[in-house]
Each structure stands twice: as structure tokens, then as C-alpha cells.
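The structure under discussion appears below in the form of C-alpha cells.
The values are calculated or read from the model by the stated rules, or taken from the named source; none is laboratory data. Quick caveat: nothing in here was measured; it's all calculated off a predicted structure. Ideal geometry is used to build each Cβ from the backbone, glycine not excepted, and the neighbour counts take in all protein chains shown. With ligands, DNA and RNA removed, areas are computed over all heavy atoms of the protein, side chains included. Shrake-Rupley method; radii C 1.70, N 1.55, O 1.52, S 1.80 Å.
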Amino acid sequence: MALTLRSSISSISKKETRIFKSLDDVFAYKVSCPKSKPFFGLKVKSSMQETQFTTENNNSVVKKLNKKWEKTHVPSVAHNHDAYLNRVPVFVMLPLDTVTMGGKLNKARAMNASLMALKSAGVEGVMVDAWWGLVEKDGPMNYNWEAYAELVQMVQKHGLKLQIVMSFHQCGGNVGDSCRYGNITLVKHRALSGDKFCETNSVFIAFYSIPLPPWVLEEISKNPDLVYTDKLGRRNPEYISLGCDSVPVLAGRTPLQVYADFMRSFRDRFTDYLGNVIIEIQVGLGPCGELRYPSYPETDGTWSFPGIGEFQCYDKYMRSSLEASAELIGKKEWGTSGPHDSGHYNQSPEDTGFFKREGTWNTEYGEFFLHWYSTKLVEHGEKILVSAKSIFQSSGAKLSAKIAGIHWHYNARSHATELTAGYYNTRFHDGYIPIAQMLAKHGVVLNFTCMEMKDNEQPCDANCSPEGLVNQVRMATKIAGGELAGENALERHDSSAYGQVSSTRGLSAFTYLRINKRMLEGENWRQFVDFVVSMSHGGKQRLSEVDSYGTDLYVGHILKENDVIIEIALV
């Protein structure tokens with residue numbers, strides 16, 4: 001299929017670009033960019049009737065587009081040295097299914113158009129997940145990076161930067177995970193009967209966007225204790241339990257070795273792009289890529305907001321560690337299980353003996369257990385990051401790690417939901433300083449979520465305080481001498497959410513979740529472009545009325561029988 005780019009400095013009217021026939025053969029959406037003068041147009045077409053597309057022609061057009069953008073918008077920042085230093089670069093997450101289950105780049109032409117639109121908006125770059133379940137799908141140490149190589153080259157062509165996530169978890173366990181594939185597994189699980197665990201067999205049916213590699217799932221089916229387990233013996237196959245980090249349970253390798261081999265393969269494949277195109281590597285450290293336990297699983301309806309979640313320490317490896325820690329302090333009875341009075345996934349703190357205001361969490365036993373549980377998590381993260389640091393230390397790319405923004409029940413004394421996730425954060429104990437210190441020690445950026453949320457937007461019965469949480473994490477990072485970056489937790493397109501992000505001081509970067517059709521709709525796109533410009537001024541300035549009034553960017557996909565035409569017009 002041929003692809004042609006044609007540029008013109010002549011004016012293109014809105015009326016002309018809106019003629020897209022009927023809804024039956026047209027999918028089109030309009031997005032708004034700041035006005036530049038004189039008007040100019042850019043069209044991208046893919047058609048069998050057009051002449052061949054060349055990289056040289058494309059680069060020429062994109063360079064003209066970039067020069068036009070820079071000429072119009074850069075001086076206000078460049079002439080203000082302080083504003084430039086305070087600039088917060090904005091990245092945008094690409095779709096979860098950017099690479100297909102077959103290992104191909106998904107909808108490459110639409111991706112190309114999306115990247116061009118993002119570049120025109122002034123974003124710094126994009127973020128994409130490098131899924132363990134796709135790259136190493138065909139067998140141990142059998143890596144397929146080809147689709148990612150195609151994406152990296154496309155990102156480079158548009159003059160963008162790339163944040164890439166080493167995603168060692170399954171896709172499908174987080175809010176907003178959209179593409180879903182079926183998976184049926186026979187799993188042995190353990191249920192509590194009296195004071196003993198009894199093993200039973202069950203068929204586990206779930207829908208995941210991208211599961212762990214098949215050969216890993218095979219190992220899990222033979223040894224279900226490889227994944228996190230709750231007190232009723234329910235297994236969570238989203239991520240390998242940190243309890244077996246150093247045990248050779250994955251075809252003769254330990255999970256830590258598997259993660260290191262994966263990252264080393266990535267480094268070797270993309271050496272030429274590290275530090276210039278690929279400027280950040282976010283190292284996945286748990287479910288949803290976050291350093292936490294899978295204490296609030298949504299996928300099978302086990303948990304729903306604002307439940308407190310449950311401790312995930314009942315696989316045999318975690319139990320063995322707990323027993324050893326209890327014996328070490330002469331409290332063998334504390335190592336038999338997790339807290340017996342910690343309730344269930346969807347309870348509130350005051351419904352439990354452990355998390356209530358004067359609960360067991362604030363006793364000697366509670367302090368022992370919470371210290372063990374949280375320390376295991378921090379140690380897990382550090383082991384992987386030390387390995388990543390040694391692998392990428394001379395690459396020029398930053399390392400980052402993601403911490404979850406668990407804001408519900410933050411105002412309760414026990415901070416129950418944070419505790420079950422592994423963050424020992426209570427009214428009397430700061431759980432984020434140890435994490436921030438560990439990350440800062442290794443030069444790893446702390447990437448935090450829920451930056452867009454406000455306290456007054458949350459339900460009263462959930463005891464939420466996302467603003468208090470963000471401020472605590474920001475202060476912990478500052479105390480540790482580290483670097484803080486942010487993300488939004490939920491899809492938002494309104495000025496209130498963007499304003500909340502831009503008001504957060506001290507961010508080194510912000511990554512927006514995520515590009516889709518809704519983001520590119522007219523008013524949503526205008527809000528986003530306004531936000532990007534605001535962040536380029538350190539979040540202190542907004543687009544002037546004259547700058548934000550004009551230019552519409554139309555991105556259309558005109559469908560024909562055997563043909564797709566993609567049109568982009570700045571008018």
C-alpha cells in the first residue's frame with residue numbers, strides 16, 4: 001500500500017476538511033492545536049492510487065512542521081531561562097495492545113498519525129509496555145523485539161522520545177485495561193480447614209489482555225505457590241511471588257535471573273537508541289508494573305472500590321520467610337500465618353480487628369508483621385533495580401520505578417489499603433520514606449500515580465485523600481534527595497484534573513494515561529494541548545486566549561473497500 005505526504009502553505013478551510021461522506025465509510029475525529037501563522041496544511045494519505053512514500057519526503061515534511069511549531073511557540077520559553085528550567089516534559093502512554101499477541105506492531109498507520117499529532121501538540125515523547133508475555137512468549141530466552149524495533153524507529157522519525165516499561169506482569173489487572181484475551185488454567189489451590197491447608201483442584205478462567213509467557217504459566221500450573229496467594233488460598237497469576245525471587249523455579253532460572261536476562265536482551269537489541277531515543281526505562285516491580293502486592297484484584301470481581309484488600313503472604317515461599325523472621329526474634333507463634341483479624345477484600349477498616357482505630361496494627365505483633373511484609377517488598381524492588389542499574393548504567397537512559405497511589409482510607413489511622421498493598425504507612429509510621437530512599441540511593445526516579453485527583457471529588461465513605469498522599473510522597477522524595485515524576489491514575493480530559501497536575505511542584509516529568517479516540521476529540525484535545533503548554537512553563541502559565549482560540553487538527557481514517565486513507569490537516 002502506498003503512502004503519500006503532501007504539504008502546502010495554502011489555507012485549508014474547516015469546511016473542506018469536514019467533508020468525510022457518511023458515517024458508514026468514515027471514522028474521523030478532530031483535535032485542536034494552538035494556532036500558527038501563516039496557516040499551513042499537512043495531509044497524510046495511504047492509497048493504492050497514490051505515489052510511493054519515502055522516508056526522505058516524510059522527514060522533510062515533519063521538519064517543516066516542527067520548524068513552524070518552534071517558530072511560533074518556543075521563543076516565549078527560550079527567552080525565559082527560569083521557565084525553561086522549570087519545564088515539565090509531558091509524555092503520553094500508547095495503547096496496551098500497541099504490539100499484538102502475534103508480535104506485530106498494531107495499526108501501524110494509525111500509530112504514525114497519532115505520533116504526528118502528539119508531536120504537533122508539543123509532547124516530549126510516548127511510553128510503551130514491553131510485555132514479558134509477548135517478547136519471551138516462545139520459550140525461555142527466546143526473545144522477539146521486532147515490533148518494538150519498528151515502533152522505536154517510528155518514534156525517532158517523528159522526533160519524539162520513548163519511555164519503555166519492562167512489564168513483567170500480566171496485562172489486564174488494572175483499571176482501564178481494555179484489550180482482553182481468554183485464558184483457562186487448571187490450578188491447584190490451598191484452602192484453610194481448621195488449622196491446616198488442604199489442596200484442591202479448580203479450573204481458573206480469566207480474561208487477560210496479555211498473560212505471562214506460556215512456559216511460565218506451565219511452571220505455575222505445576223507449582224501454584226509461584227504466585228501470590230491470599231488467606232483462603234486464592235491464587236493471583238498476575239505476577240510471580242517475590243517469595244521465590246532467588247529460587248530456580250522458572251525452567252532452571254530464578255525470577256531475578258529471568259528479569260535480568262530480559263533486560264540484558266533489550267539493552268543489546270536497542271543499544272543504538274538508548275540515551276537518545278529511549279531516554280527512560282521503567283522497571284516493572286509488581287502487579288500493574290507497580291512496587292506493591294496484588295492486594296486489590298479487580299479482574300474476577302474479588303475486590304471493588306473502596307475495599308481494604310487482603311494481605312498476600314500465603315504462598316509457601318512467603319510463609320517460610322515469615323516463619324524464619326518470627327523465629328529470629330523468638331516469637332515462633334507469629335510466623336504461622338498473617339493476621340487472623342484483618343478482614344476481607346471489601347470490608348472497611350472499622351469492620352476488622354486489625355485495621356480499626358485501636359486495632360492490632362498498632363501492637364507489637366502488628367508492627368512486627370507490617371515491618372516484615374513491607375521490608376520484603378522494598379528488598380524485592382531493590383534487587384531488581386540493582387540488576388537493572390548494572391545492565392543500563394552506561395546507556396544514558398534513566399531508570400524509574402512506579403509506586404501506586406492508594407488514596408482510599410488514607411484518612412483512617414491504620415491506612416488499611418496501603419498496608420495490605422505493602423506500604424507500611426500509618427498515622428505513626430511513614431511508609432514512603434524507605435521506598436524513596438531506596439530509589440534515590442540507586443538514582444531511580446520515583447513515578448507516582450493519582451496526580452490528577454482532588455480530595456473533594458472522592459466519596460465521603462472512602463476516607464480518601466489523594467492530595468494528602470501526593471504531598472506525602474513528594475516530601476518523602478525530597479527528603480531522600482530523589483527525583484519525582486507523575487501519572488494520572490484514571491482517564492481524565494477536564495481542566496480541573498489538568499490543573500491539579502500542573503499545580504504539583506517538583507515533578508521532573510509527567511506521563512498522561514493514555515492516547516485513545518476520546519483524548520483526540522475536539523474539546524478534549526484542546527484541553528490536553530493547553531495542559532502541555534502549561535507544563536512547558538512549569539505549570540505556572542496557561543495559553544493565552546489568542547493562542548488557544550485557533551488551529552484545529554483533523555485526523556481522519558476514511559475507509560474504502562480495499563483502501564485506507566489517513567488525513568491530517570492543520571488549519
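Points to keep in mind about this one:
- Residue in the stretch 171-187 that is open to solvent by less than 30 Å² (accessible area, probe 1.4 Å), assigned to a loop (DSSP other than H, G, I, E, B) and modelled with pLDDT of 95 or more present: no
- Condition check for Arg267: in contact (Cβ under 8 Å) with a residue 12 or more places away in the chain, in contact with a helix residue (DSSP H, G or I) (Cβ under 6 Å, 6 or more places away or on another chain) and either in a strand (DSSP E or B) or open to solvent by 10 Å² or more (accessible area, probe 1.4 Å) (or both): yes
- Among the candidates Ile281, Ile210, residue that is surrounded by 23 or more Cβ atoms within 10 Å (Cβ to Cβ) and touching a Cys at 6+ places or on another chain (Cβ under 6 Å): Ile210
- Residues (of a type in the set (A, V, I, L, M, F, W, C), assigned to a loop (DSSP other than H, G, I, E, B) and more than 13 Å from Phe91 (Cβ to Cβ)) located in the stretch 501-537: Met519, Leu520
- Of all residues in the stretch 132-144, exactly one satisfies the criterion of being open to solvent by 10 Å² or more (accessible area, probe 1.4 Å) and either modelled with pLDDT under 95 or closer than 17 Å to Gln282 by Cβ (or both), namely Leu134.
- Residues that are in contact (Cβ under 8 Å) with a residue 60 or more places away in the chain, open to solvent by 10 Å² or more (accessible area, probe 1.4 Å) and under 14 Å from Leu469 (Cα atoms), drawn from the stretch 416-428: Thr426
- Test: residue in the stretch 339-356 that is open to solvent by less than 40 Å² (accessible area, probe 1.4 Å), closer than 28 Å to Gln257 by Cα, at pLDDT 95 or above and part of a helix (DSSP H, G or I): no
- The numbered conditions (1) within 31 Å of the chain's Cα centre (by Cα); (2) under 20 Å from His409 (Cα atoms); (3) crowded, with 20+ Cβ neighbours inside 10 Å are all true for Thr302 except (3).
- Some residue of the stretch 432-455 being among the charged types (D, E, K, R), surrounded by fewer than 19 Cβ atoms within 10 Å (Cβ to Cβ) and part of a helix (DSSP H, G or I): yes
- Considering each residue of the stretch 386-395 in turn, none proves to be touching a Ser or Thr at 6+ places or on another chain (Cβ under 7 Å), over 18 Å from Glu467 (Cβ atoms) and modelled with pLDDT of 95 or more.
- Residue count for the stretch 364-422 under the criterion of being farther than 22 Å from Ile278 by Cα, of a type outside the set (Gly, Ala, Ser) and part of a helix (DSSP H, G or I): the result is 21.
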